[in-house]
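The values are calculated or read from the model by the stated rules, or taken from the named source; none is laboratory data. The structure displayed is predicted, hence computed values, not measured ones. Cβ coordinates were reconstructed from backbone atoms using ideal geometry, including for glycine residues, and neighbour counts include every protein chain displayed.
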């Protein structure tokens, strides 16, 4: 349980079906939990919706989180839900402002776990500068929900310099990663498989909106595309870009930033880090002339400290991603077939 925000004394230790009834138990759960931990002027109105004051173009996204386990090294489903939605808005070139938050909770979830999830949501909101302004809570029978599922919807205002558009990508543009590959997926898999390393592999879940704002302030329209390579990993995002733009992408294995322990875990499990999910990583396609200021700005931010150029957009091999290996050979990096790591986010 989070000691920095102690849970109030309650007459129940676990979530019951009554907490989803809409009656007294629901109100106790919301009053002593959700409304208290996440309180702000808009949420305090306790309405089924929220009236928001937004100016200019607006970005909008929604996402659902069904990760297993719900607590993992470096985070839990609560902060993952906030960060994931914030990052989806940031990849549109938006400044995130408001979130909706909906829980589907399985009967029997310990109240201490629900409390820790709430506190992590609050902390993630503070870190990213967003507010939860409306939401919903439902409870399902034991065995039908796998502890808790979370849905979030986010709204944000478009940055005035943002021009994120796949169709603006052209040969010569550079592909940049903001950090190291595969940490989130390997943090989850190390728990599932009971793997132990010299130091614990932790998820990279983090908000990227402050980093993206700095990058847009610096490079503006020279940033052609932003994507967060979650499910399917970097390889899937690169293949989608190559396919949809009908251009090729050339990458080099020795340019891929990856932690040694994460690389070792991938090798043990027979996984290619290019296909492993990330939760705090930004992939950008940037005009060649803007690469140096982009990298300088990125590396000055803790969320982008390990940023590197990993590839180039080319007219060669259209709709294909080709990687040069460490020994000079070349191979096509295909899109992921099937589900490599289920229930990863």
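For this structure, a couple of remarks:
- No other residue among 67, 95 is assigned to a loop (DSSP other than H, G, I, E, B) and modelled with pLDDT of 95 or more apart from 67.
- From the options 260, 267, 315, 279, residue that is surrounded by 18 or more Cβ atoms within 10 Å (Cβ to Cβ) and either farther than 23 Å from residue 202 by Cα or assigned by TED's automatic domain parsing to the domain that holds residue 194 (or both): 279
- Residue in the stretch 16-40 that is nearest to residue 140 (Cα to Cα), counting only those that are within 27 Å of the chain's Cα centre (by Cα) and assigned to a loop (DSSP other than H, G, I, E, B): 38
- Some residue of the stretch 320-343 being closer than 22 Å to residue 208 by Cβ, at pLDDT below 95, touching a helix residue (DSSP H, G or I) at 6+ places or on another chain (Cβ under 6 Å) and not assigned by TED's automatic domain parsing to the domain that holds residue 200: yes
- Answer residue from the stretch 107-141, given it is part of a strand (DSSP E or B) and buried (at least 22 other Cβ atoms within 10 Å of the Cβ) and is nearest to the chain's Cα centre (by Cα) among those: 132
- Residue match in the stretch 56-73 (condition: surrounded by 13 or more Cβ atoms within 10 Å (Cβ to Cβ) and more than 30 Å from residue 283 (Cβ to Cβ)): no
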